[in-house]
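The values are calculated or read from the model by the stated rules, or taken from the named source; none is laboratory data. This one's a predicted model, so the numbers in the text were calculated from it and none came from an experiment. Using ideal geometry, Cβ is built from the backbone for each residue, glycine included, and neighbour counts are taken over all protein chains shown. Heavy atoms of the whole protein, side chains included, go into the accessibility calculation; ligands, DNA and RNA do not. Shrake-Rupley method; radii C 1.70, N 1.55, O 1.52, S 1.80 Å.
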Amino acid sequence: MAATLRPEELARRWHLLARSVSGERISPAEGTGFWFDRDYAVFLEEVRRRTPESATVAVLAPSWPDVYAYQAAYRLAPRRVVDARRANEASFVAAYRIDAAGAPGAEAIPHGTLSRQ
């Protein structure tokens with residue numbers, strides 16, 4: 001197991017832990033992200049930053065593993081999060097890793113797009 005350790009990654013994580021314990025907020029881009037997809041944390045943070053707390057957001061992301069939907073609901077709270085089947089109920093559509101170039105009203109954000117309906 002020791003052979004799989006990368007000293008530079010271990011040092012980076014130790015430094016992040018020390019900063020976090022001291023009370024500093026670590027941005028998702030700087031942190032370790034989610035175990036299943038590091039970029040998804042950055043994407044959700046940008047959706048959170050750009051949408052009002054009262055919004056309903058349709059998040060288009062992989063359906064497997066189901067942690068994508070769980071993390072979207074958790075990270076975007078108190079916003080209401082719905083899936084693609086209920087996108088017509090949403091005031092915003094956030095598409096993860098979907099290139100919506102040319103789609104009306106779609107704005108590029110890190111690792112996806114965000115559009116207002």
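Side notes on the structure shown:
- Of the numbered criteria (1) free of Cβ contacts under 8 Å to residues at least 60 places away in the same chain; (2) under 12 Å from the mean Cα position of the chain (by Cα), the one residue 30 fails is (2).
- For the stretch 2-9, the criterion of being assigned to a loop (DSSP other than H, G, I, E, B), without any contact (Cβ under 8 Å) to a residue 40 or more places away in the chain, open to solvent by 70 Å² or more (accessible area, probe 1.4 Å) and over 26 Å from residue 106 (Cα atoms) is satisfied by at least one residue.
- When residue 57 is tested against the conditions (1) among the hydrophobic types (A, V, I, L, M, F, W, C); (2) out of contact with any strand residue (DSSP E or B) (no Cβ under 7 Å at 6 or more places or on another chain); (3) under 17 Å from residue 114 (Cβ atoms), the lone failure is (2).
- One residue from 96, 74, 68 being under 11 Å from the mean Cα position of the chain (by Cα) and surrounded by fewer than 13 Cβ atoms within 10 Å (Cβ to Cβ): 74
- Single unsatisfied condition, residue 58 versus (1) part of a loop (DSSP other than H, G, I, E, B); (2) in contact with a helix residue (DSSP H, G or I) (Cβ under 9 Å, 6 or more places away or on another chain); (3) of a type in the set (A, V, I, L, M, F, W, C): (1)
- Scanning the stretch 99-117 for residues that are open to solvent by less than 80 Å² (accessible area, probe 1.4 Å), under 18 Å from residue 62 (Cβ atoms) and assigned to a loop (DSSP other than H, G, I, E, B) yields 100, 110, 111.
- Scanning the stretch 77-91 for residues that are closer than 14 Å to residue 114 by Cα and assigned to a helix (DSSP H, G or I) yields 84, 87.
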